[in-house]
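J.: First the structure, then my questions, so here it is.
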Amino acid sequence: MKNLQHIMGEAIKRNPNEPEFLQAVQEVLESLEPVAEKYPEYVEAGIFERIIEPERQIMFRVPWVDDQGKVNVNRGFRVQFNSAIGPYKGGLRFHPSVNLGIIKFLGFEQIFKNSLTSLPMGGGKGGSDFDPKGKSDGEIMRFCQSFMFELSRHIGENTDIPAGDIGVGGREIGYMYGMYKKMRNEFTGVLTGKGLTYGGSLARTQATGYGVCYFMDEAMKDIKGKSFDGSTVVISGSGNVAIYATEKAQELGAKVVALSDSSGYIHDPEGIKLDTVKRIKEVERKRIKEYVIDHPNATYTEGCLGIWSIPCDIALPCATQNELDGEAAQTLVNNGCFAVGEGANMPSTPEAVEIFIKNKIVYGPGKAANAGGVATSGLEMSQNSMRYAWSFEEVDAKLKDIMVNIYKSASEAAKEFNEEDNLVIGSNIAGFMKVAEAMLAQGVAY
């Protein structure tokens, strides 16, 4: 439709140096063309133009002192993208690659992901180009305190509730929460992913990884009559998402044979020994290559792309954006892979997605498949508001129900627009419709 093409052209003019953001916008607008035709009131109300423009973009200086007494300066970001259905919600990423375009892409995706959960959460994202690797606990604490000193004036339990992301785990959340509480003199659910002793939720650590598996298991059974049971799985990454996707996949009867980090990947044909990985990554905070010291039958390969050459039935990219390109996607197809579920945000390039859809791979896009983390953050917010804590089993059951319902919503939306089993289009449309209706009802202020 000419109208949406025009909107995309304007987005390119306004954001010329933000390829990841433009990639995300392009995918969504292409999916929404039939929606624009069916619901002209959205076009007339400028919903499409408004939904791709953040409500607020915040960038700030983060000075901190390292262990040698040297002053360092990083950049902090918070993009509050859309609050039509609830307070802004989305993680904080600490990684050298972080810039405004990356944060905007993540925040844009978060709008639809949060909408799909059916919980009242708007979309936002934040972070810094700070690299926590190799830093002492003291350095990370001082950085987090400085970061929160500025961020605190922009967030609140009814305004914006950040969480963790790459480089931001329980340690970082704890330091930031302590600073927020000291500055504001209030104990509220302003951050999620908190420790269990101060308002965190059971199952939050496992949620994104578990959720990917719940979503994909439902999708595979419905579309192809297959499941994790007896399947061989390759998972990229070895952080929080990858570790708990491995755990749940194994519980569901799969054999996970590979994991990676930014340096390279391990291949264990006998099946990944998760206790070893948890010790290396969660306790010792070392590189994944240490795995082969304990398990000499496994191999380690420098570089990450080769992980997709390992034959598998199911691939779960859980590392970072654009890690799986067209060549890797074709290799997966050629090796008999029948399902790909994204644990990371936009890990597959447009070329890879096209190959998956063309070959009728069961493909779970990130905004749907990895929504388990933010869904459980929403459950943590609910528990904080009630001053109450559910059991692990209660939270896990609610998480599974949410992920199954996300699949059903995406599947039904795809069928409605004659794109059966295309979960990219289905997820984008299902996520968009709720936000669009809220924006329409609230007038041009949103």
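Nothing in this text is a laboratory measurement; each read-out follows from the coordinates by a stated rule. In this text the structure is predicted, and so the values were computed from the model without any measurement. Every residue, glycine among them, receives a Cβ derived from its backbone with ideal geometry; neighbour counts consider all protein chains shown.
J.: Can you put ILE243, ILE402, ILE103 in order of Cβ neighbours within 10 angstrom, beginning with the fewest?
T.: ILE243, ILE402, ILE103
J.: If each of GLU394 and ALA441 carries a label point 7 Å out from its Cα toward its Cβ, how far apart are those two points in nm?
T.: Taking the two extended label points, one gets 2.8 nm.
J.: Let me ask something else. For GLU420 and ASN322, compute 0.36 nm times the residue count separating them, minus their Cα-Cα distance, and round to one decimal in nm.
T.: Result: 32.7 nm gained on full extension.
J.: So what's the back-of-envelope 222 nm ellipticity for the chain, counting only DSSP H runs of four-plus at -39500 (n - 2.57) apiece and dividing by all residues, rounded to 500?
T.: -14500 deg cm²/dmol
J.: To two decimal places, what compactness ratio does the chain give when its Cα radius of gyration is scaled by 2.2 N^0.38 Å?
T.: Normalised Rg, Cα atoms only: 0.93.
J.: Just need the relative contact order of segment 2-188 here, percent rounded to a whole number, with Cα pairs under 8 Å and 6+ apart.
T.: After rounding, I find 21 percent.
J.: Further, regarding this structure: Measuring from the lowest to the highest alpha carbon on each principal axis, how far does segment 12-52 reach, largest first, in angstroms?
T.: Computed over segment 12-52, the largest-to-smallest principal extents equal 32, 17, 12 Å.
J.: Stretch VAL73-GLU284 to full length: gain in nm at 0.36 nm per residue minus the Cα-Cα span?
T.: Additional length available on full extension: 73.2 nm.
J.: Given labels modelled 7 Å from the Cα in the Cβ direction, how far is it in nm from GLU49 to ILE357?
T.: About 2.7 nm, to one decimal.
J.: Can you give the extra length, in nm with one decimal, that the chain gains between ASP401 and GLU150 once fully stretched, where that is 0.36 nm per residue apart less the Cα-Cα distance?
T.: Extra length available between ASP401 and GLU150 comes to 86.6 nm.
J.: Please report how far the C-alpha centroid of segment 351-390 lies from that of segment 73-149, rounded to the nearest whole angstrom.
T.: For segment 351-390 versus segment 73-149, the Cα centre distance is 17 Å.
J.: Out of the GluC sites (Glu not before Pro) in segment 240-275, which ones are loop residues according to DSSP with at most 10 other C-beta atoms within 10 Å?
T.: Loop-located and lightly packed - GLU270.
J.: If R₀ is 25 angstrom, what is the calculated FRET efficiency for the pair GLU33 and LYS224, using the beta carbon separation as r and rounding to 0.05?
T.: It comes to 0.35.
J.: Could you tell me the convex hull volume per residue, in Å³, taken over the Cα atoms of segment 207-364?
T.: Taking the convex hull of the Cα positions in segment 207-364, it is 91 Å³ per residue.
J.: Oh, and also: If you average the alpha carbon positions of segment 22-40 and of segment 151-228, how far apart do those two centres end up, in angstrom?
T.: What the calculation gives is 29 Å, centre to centre.
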